[in-house]
């Protein structure tokens, strides 16, 4: 089973941070990485997705909020 993800990445001009889902649908623009991360982390936790942060230097960090089968079954 593939885990869905919420992505945070700087925009092309590096003047704000974009939160988007796997289908590249933008969920918001934020002035700082920290503010984008707060929103994206809450969204990933709610959905049980993975949070992927794309840094300007090309590195990525990942954090999984995948829920167990019991929680997914009962949508806890």
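Stokes-Einstein, applied to the Kirkwood radius of the stretch 5-74 over Cα pairs at a viscosity of 1.567 mPa s and 4 °C, places its translational diffusion at 105 µm² s⁻¹. Note on residue 12 and residue 46: the model spin-label points, each 7 Å out from Cα along the C-beta direction, lie 3.0 nm apart.
Rule-based calculations on the coordinates, nothing more; no lab input. All values derive from a computational prediction rather than experimental measurement. Here the Cβ is made from the backbone with ideal geometry for all residues, glycine too, and neighbour counts use every protein chain on show.
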